[in-house]
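Asker: This structure is in structure tokens; I'll ask about it shortly.
The values are calculated or read from the model by the stated rules, or taken from the named source; none is laboratory data. As the structure is a computational prediction, the values presented were derived from the model and not from experiment. Counting neighbours? That spans all protein chains shown, and the Cβs are built from the backbone with ideal geometry, glycine included. Side chains are part of the model used for accessible areas, which takes the heavy atoms of the whole protein and leaves out ligands, DNA and RNA. Shrake-Rupley method; radii C 1.70, N 1.55, O 1.52, S 1.80 Å.
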Amino acid sequence: MNLPESATLSQTRQYLKEKLTGIVPDTELALKADIAYEINKLKKEKNAVILGHNYMEPALFYSIPDHVGDSLGLARIAAQTHAERIVFCGVRFMAETAKILNPERMVLLPAEKAGCSLAASITAEDVRKLKKQYPGIPVVTYINTYADVKAETDVCCTSSNASDIVNKLESDSVICIPDEFLARNIARETGKNVIFPGQKPAGNDDMIIWDGRCEVHDQFTVEDVRNARKQFPDTVVVAHPECAPEVVAVADYSGSTTAMTRYVRESDARRFLILTECAMGDNIAAENPDKEMLRMCSVRCPHMNEITLEDTLKSLREDVHQIEVDEDVRLKAKRSLDRMLEMS
Ligand code: 13P
Ligand code: SF4
């Protein structure tokens, strides 16, 4: 059962208690329920829709979003909403994507600093240089980038459709930016010649190289998987495609954050190692009380963790922080996003 739209304060408290006892301490839950109740009242008054990425902390994830999901699912919803305001409980590139796809809406990001190590790793100028080095080769850009980079791109992709999109392109060679690991995972799945950051062909000293990795998924190792399986031989390992290819290769399943959640829900197994941001392990655990989630909570996304219930309330009250995108850049970036939505 979900939290009803017009839940009273006591229903909100009761709902979060039932859903999250054992995952979030009781005192914290009571405080958070009060803030969630205020947000849900205000969101109706201000005609806002709240989108929550799967990485949001459990009390937020289960109380205020009208929709939760992965980058692709939330981008689709953002493109179609008629609400006056979109409050994006996620990171900046996600909120910016919403603005690119639906510019008439006011898009709010509750924490100004919520960035992403992948999005920060590449500039539009890097892409222009890369296109000069590899003329005619299509550029597939991960959605975890900013608008000016998307504007230089042929087609965007997300973790849920990357291999599918690369497969659908006629070219045998494809440039995949900016995530080295995602690019190498796509290469393994599609068998195509994937040009990715960090690659330096012999004799090409001018080639630009940058450190395109997710600071969270970069930390998971094959050793982590071995240790979990040694302790609990029945562990099913689920890894996000931003993990190193060696890690994905030893996992039982790899997919987007929503696909990982669905996999656990539909599996008959009882114990899982979740190789992604730890809060998502909490959210899956709350939905599957009969299953055990092993998660590595020392590995957190500092950007996703910037988004709190307190800041979301402030964001709605004061209409901060509004996302703006230069119109020329927006129109070019929208082409690569539209192409992705058409192809997937
Ligand atoms: P998803 O599209 O799978 O939700 O991934 C987004 C992300 O930033 C993962 O680190
Ligand atoms: Fe970016 Fe990694 Fe955080 Fe996802 S988990 S938002 S890719 S830094």
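Asker: Could you give the DSSP H helices of the chain that reach 20 angstrom or more along their long axis (alpha carbon positions) and whose average Kyte-Doolittle hydropathy is no lower than -1.0?
Answerer: Span-like helices here: 26-45, 327-343.
Asker: Probe of 1.4 angstrom, ligands and nucleic acids ignored: what's the accessible area per residue over the stretch 58-121, in square angstrom?
Answerer: 30 Å²
Asker: Next up: Identify all lysines with a Cα-Cα distance to LYS230 below 28 Å; exclude those on the same chain that are fewer than 8 residues away in sequence.
Answerer: LYS291
Asker: What are the lysines whose alpha-carbon lies under 19 Å from the alpha-carbon of LYS43, with same-chain residues fewer than 8 places away excluded?
Answerer: Of all the lysines, those that pass the test against LYS43 - Cα under 19 Å, at least 8 places apart if same chain - are LYS32, LYS99, LYS314.
Asker: Net charge near PRO103, counting Lys/Arg +1 and Asp/Glu -1 over other residues with Cβ under 12 Å of its Cβ?
Answerer: Taking every Cβ under 12 Å from that of PRO103, the sum is -1.
Asker: Right, next: For the chain, list the cysteines whose Cβ sits under 4.7 Å from no other cysteine Cβ?
Answerer: If one checks each Cβ against the other cysteines of the chain, CYS89, CYS116, CYS156, CYS157, CYS176, CYS214, CYS243, CYS301 turn up with nothing under 4.7 Å.
Asker: Roll a 1.4 Å probe over the protein chains and send me the accessible area per residue for the stretch 245-331 in Å².
Answerer: Here the residues of the stretch 245-331 average 44 Å² of exposed surface.
Asker: For the stretch 82-178, which GluC sites (Glu not before Pro) pass both filters: DSSP loop (anything but H, G, I, E, B) and at most 12 other C-beta atoms within 10 Å?
Answerer: Passing both the DSSP loop test and the Cβ count: GLU84, GLU104, GLU112, GLU170.
Asker: In whole angstrom, how far apart do the alpha carbon centroids of the stretch 89-123 and the stretch 1-53 sit?
Answerer: 24 Å
Asker: Return, ordered by residue number, the residues of the stretch 305-344 whose backbone nitrogen is under 12 Å from a label point located 7 Å along Cα→Cβ of GLU45.
Answerer: 316-318
Asker: Also, I was wondering about something else. Which lysines, if any, have their Cα less than 28 Å from the Cα of LYS132, not counting same-chain residues under 8 positions apart?
Answerer: Qualifying lysines at Cα under 28 Å: LYS150, LYS168, LYS192, LYS200, LYS332, LYS334.
Asker: A further question on this structure: Can you classify the chain as rounded, prolate or oblate using the Cα gyration tensor, where a ≥ b ≥ c are the square roots of its eigenvalues, rounded means a/c under 1.5, and otherwise it's prolate if a/b beats b/c and oblate if not?
Answerer: oblate
Asker: Same structure, new question: Over the stretch 68-150, calculate the relative contact order: mean separation of alpha carbon pairs under 8 Å at least 6 apart, over the residue count, as a percent.
Answerer: Relative contact order here is 29 percent.
Asker: Also: Give me the net charge of LEU294's neighbourhood, meaning all other residues with Cβ under 14 Å from the Cβ of LEU294; Lys, Arg count +1, Asp, Glu -1.
Answerer: Around LEU294, the surrounding residues sum to +2.
Asker: Over the stretch 193-344, calculate the relative contact order: mean separation of alpha carbon pairs under 8 Å at least 6 apart, over the residue count, as a percent.
Answerer: 16 percent
Asker: Just to verify a number: what accessible area does SER163 come out at with the full protein assembly present, 1.4 Å probe, Å² rounded to tens?
Answerer: Rounded to the nearest 10, the figure is 20 Å².
Asker: Now, a different point. Picking from GLY255, GLY69, GLY136, which is most flexible by a Gaussian network model of the chain using Cα springs under 10 Å?
Answerer: GLY136
Asker: Rounded to a whole number, what % of the accessible area of the chain do carbon and sulfur atoms account for, probe 1.4 Å?
Answerer: On the chain, the fraction of accessible area on carbon and sulfur atoms equals 47 percent.
Asker: On to the next question. Out of the DSSP beta bridges found with both residues in the chain, what percent are antiparallel (nearest 5)?
Answerer: 5 percent
Asker: State, as an integer percentage, the relative contact order of the stretch 26-127 based on alpha-carbon contacts under 8 Å between residues 6 or more apart.
Answerer: Reported relative contact order: 22 percent.
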